[in-house]
Amino acid sequence: MSQRRSAVTDATGDNARKVFIKTYGCQMNVYDSQRMGDALAGDGYVPTQRIEDADLVLLNTCHIREKAAEKIYSELGRIREMKAERATQGRTLTVGVTGCVAQAEGAEIIERAPVVDLVVGPQTYHRLPQALARVHSGERVVETEYAVEDKFDHLPKQAARQIRARGVTAFLTVQEGCDKFCTFCVVPYTRGAEVSRPRAAILEEARALAEAGVREVTLLGQNVNAWADGAGGLGSLLRELAEIPGLARLRYTTSHPRDMDDDLIAAHRDLRALMPYLHLPVQSGSDRILKAMNRRHTGADYLRLLDRIRAARPDIALSGDFIVGFPGESDADFEATLDLVRQVRYATAYSFKYSARPGTPGATMDGHLPEDVKTERLERLQTLLREHQVAFQESFVGREEDVLVEKAGRHPGQMIGRSPFLLPVVVPASAGAIGEIVRVRIESSLPNSLMAEGADHADRLVSAEPLRKIA
Ligand code: 5AD
Ligand code: SF4
């Protein structure tokens, strides 16, 4: 899990209160951080990228693995020093913890880290301004209780200006929570039960995004493909989204194999806007471990499902998540994971050492493995995954790709975009091309991106062929 600074742009106004939001973990936290920034803007806060300038610091946290959760306490240690130094200058600093650690640990955070003034869980972000007002009147506030029907109230409307400032791709939360209860995972406890956001609200937000110039939308949910309403599932929602003028590309993440229904698979066949890329975690290739993980499918079920998906969309790129060293995982179980990986050949994948999470069934299972075994297995798995990833990337050299131009590249004359398969591509273009989809020929494959013909030393080219704009 990476950590990112909030993507909100700086505004001026030296007398305005400033908020610094640091985001840990998944894309839903990135989305939530943006929305918290939007909600606070209504309250007179301007975003800052510099923690030193902030009057309010929010850490939007991740609880998925122990390391992710522990990072927060070391960050809070640094913030405590900053707050103490400010106190000597008569200045104040308000400190809030939001996200999944906030939900999981609640008041314990304030006990363990007295520097914290405010703890707000992911389902109560709409109450952030009121909670802050209480902090300013001297209270220390913990807001983690919520009613299920409030679940999507924490998503304030965004102004077109804010959307545009964020660029031509956007996240859109459509589903939250998880009912699957994989035995390693804290998400069902931190994000609660599966809830689908109403279709009308999703379509309204998607139209607003498109009108503000967004070309690509990624639908988010902990189990996004469990999204459903009385009228249909995620496939039916994608079909409606694909009709919105201006929205050229649709993606969704993260999916559970059990929720890939026929209509969603058919959407991959039917919708040009639905990109040929699917993140579909399997976690392990061993049936024994899959059972202990409560995944409720076997390795063979997963491979059969991929056959059906590839029949609908033969060029689809697959991505996955893996856990090595789950309690009781034998050498043979681990080999089964490597076998499955060899059969699937993922375009990209994320892999982790098992981390025991308090309160999950896995934590109290027998057969926890030593760290060195987990480390060795992770290295072997990652070596194999990397081989496939490199081969996948190199397979594009010499081919034409459609690239959605997103932002400036490192050198003048270079812009960076993404291919349909989510690979970053450096293209020869200027800022005027941002938001356009251009067709380029791939010349070479670099460690983390592809280089389009003419992009290398684009600034020195005398007459570049104009790029072919596709949309
Ligand atoms: N230990 C290690 N990895 C985990 N994940 C979830 N819980 C744990 C855990 N306890 C991984 C899974 C999941 C991804 C988001 O994080 O692979 O798909
Ligand atoms: Fe966690 Fe499993 Fe739910 Fe994914 S499906 S969020 S891994 S419990």
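Of the residues contained in region 286-298, one or more are found to be away from ligand 2 (no atom under 16 Å from the Cβ), within 24 Å of Ala363 (Cβ to Cβ) and open to solvent by less than 20 Å² (accessible area, probe 1.4 Å). Taking the conditions exactly as written (away from ligand 1 (no atom under 16 Å from the Cβ), out of contact with any His (no Cβ under 8 Å at 6 or more places or on another chain), in contact (Cβ under 8 Å) with a residue 24 or more places away in the chain and at positive phi), does Gly106 satisfy them or not? For Gly106, the condition - away from ligand 1 (no atom under 16 Å from the Cβ), out of contact with any His (no Cβ under 8 Å at 6 or more places or on another chain), in contact (Cβ under 8 Å) with a residue 24 or more places away in the chain and at positive phi - is met.
A count restricted to region 107-143 and to residues that are of a type in the set (S, T, N, Q) and within 24 Å of the chain's Cα centre (by Cα) stands at 2. When each of Ala311, Ala317, Ala267, Ala273 is tested for being among the hydrophobic types (A, V, I, L, M, F, W, C), away from ligand 1 (no atom under 16 Å from the Cβ) and farther than 30 Å from Glu205 by Cβ, the lone residue that passes is Ala311.
When restricted to residues that are outside any loop (DSSP other than H, G, I, E, B) and within 25 Å of the chain's Cα centre (by Cα), region 428-444 contains 1. Check whether at least one residue in region 389-400 is aromatic (Phe, Trp, Tyr), more than 21 Å from Thr253 (Cβ to Cβ) and either out of contact with any Gly (no Cβ under 8 Å at 6 or more places or on another chain) or not assigned by TED's automatic domain parsing to the domain that holds Leu250 (or both), and report yes or no. Yes, region 389-400 contains at least one residue that is aromatic (Phe, Trp, Tyr), more than 21 Å from Thr253 (Cβ to Cβ) and either out of contact with any Gly (no Cβ under 8 Å at 6 or more places or on another chain) or not assigned by TED's automatic domain parsing to the domain that holds Leu250 (or both). For Val217, state whether it is under 15 Å from Leu237 (Cβ atoms) and among the β-branched types (Val, Ile, Thr). Considered against the rule, which asks whether it is under 15 Å from Leu237 (Cβ atoms) and among the β-branched types (Val, Ile, Thr), Val217 comes out as yes.
Across region 218-236, the number of residues qualifying as more than 16 Å from ligand 2 (Cβ to nearest atom), touching a helix residue (DSSP H, G or I) at 6+ places or on another chain (Cβ under 6 Å) and not small (Gly, Ala, Ser) comes to 1. Residue-level analysis places Leu247 outside the set of residues that are under 18 Å from Val174 (Cα atoms) and within 16 Å of ligand 2 (Cβ to nearest atom).
Of all residues in region 344-373, those that are open to solvent by 20 Å² or more (accessible area, probe 1.4 Å), in contact (Cβ under 8 Å) with a residue 24 or more places away in the chain and among the charged types (D, E, K, R) total 3. Screening Cys185 with (1) more than 18 Å from the chain's Cα centre (by Cα); (2) closer than 20 Å to Pro257 by Cα gives one miss only, at (1).
Can you name the residue in region 1-32 that is among the charged types (D, E, K, R) and modelled with pLDDT of 50 or more and is also nearest to Glu176 (Cα to Cα) among such residues?
If we take residues in region 1-32 being among the charged types (D, E, K, R) and modelled with pLDDT of 50 or more, then Asp32 is nearest to Glu176 (Cα to Cα).
List the helices (runs of 4 or more DSSP H) inside region 11-112, counting only whole elements, that have at least 2 residues being open to solvent by less than 60 Å² (accessible area, probe 1.4 Å) and among the hydroxyl-bearing types (Ser, Thr, Tyr).
Ranges flagged: 27-41.
Restricting the search to region 221-235, which residues are aromatic (Phe, Trp, Tyr) and open to solvent by 10 Å² or more (accessible area, probe 1.4 Å)?
none
Residues in region 193-220 that are within 16 Å of ligand 1 (Cβ to nearest atom) and open to solvent by 10 Å² or more (accessible area, probe 1.4 Å): Glu194, Thr218.
Suppose we filter Thr190, Thr144 for residues that are assigned by TED's automatic domain parsing to the domain that holds Gln34 and either of a type in the set (Val, Ile, Thr) or within 22 Å of Tyr24 (Cβ to Cβ) (or both); which single one remains? Working first, answer last.
Working: Thr190 fails: assigned by TED's automatic domain parsing to the domain that holds Gln34.
Residue meeting the stated conditions: Thr144.
Residue count for region 442-461, restricted to those that are modelled with pLDDT under 95 and either touching a Leu at 6+ places or on another chain (Cβ under 7 Å) or of a type in the set (Asp, Glu) (or both): 4.
Here's the yes/no breakdown for (1) under 26 Å from the mean Cα position of the chain (by Cα); (2) away from ligand 2 (no atom under 16 Å from the Cβ); (3) aromatic (Phe, Trp, Tyr):
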| position | (1), (2), (3) |
| --- | --- |
| Ile309 | yes, yes, no |
| Pro314 | yes, yes, no |
| Glu329 | no, yes, no |
| Asp333 | no, yes, no |
| Asp339 | no, yes, no |
| Ser351 | yes, no, no |
| Ala356 | yes, no, no |
| Arg377 | yes, yes, no |
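Of all residues in region 236-252, those being crowded, with 22+ Cβ neighbours inside 10 Å and more than 16 Å from ligand 1 (Cβ to nearest atom) number 7. Selection within region 419-441: residues that are open to solvent by 50 Å² or more (accessible area, probe 1.4 Å) and under 11 Å from Lys407 (Cβ atoms). The member of this set that is modelled with the highest pLDDT is Ile434. Remark: Gly328 falls outside the filter, which requires a residue to be within 26 Å of Leu278 (Cβ to Cβ) and either in a loop (DSSP other than H, G, I, E, B) or open to solvent by less than 10 Å² (accessible area, probe 1.4 Å) (or both).
The values are calculated or read from the model by the stated rules, or taken from the named source; none is laboratory data. Since we're looking at a predicted model, the values are computed, not measured. Positions of Cβ are backbone-derived with ideal geometry, glycine not excepted, and every protein chain shown enters the neighbour counts. We work out accessible area using only protein heavy atoms, side chains counted, and drop any ligands, DNA or RNA first. Shrake-Rupley method; radii C 1.70, N 1.55, O 1.52, S 1.80 Å.
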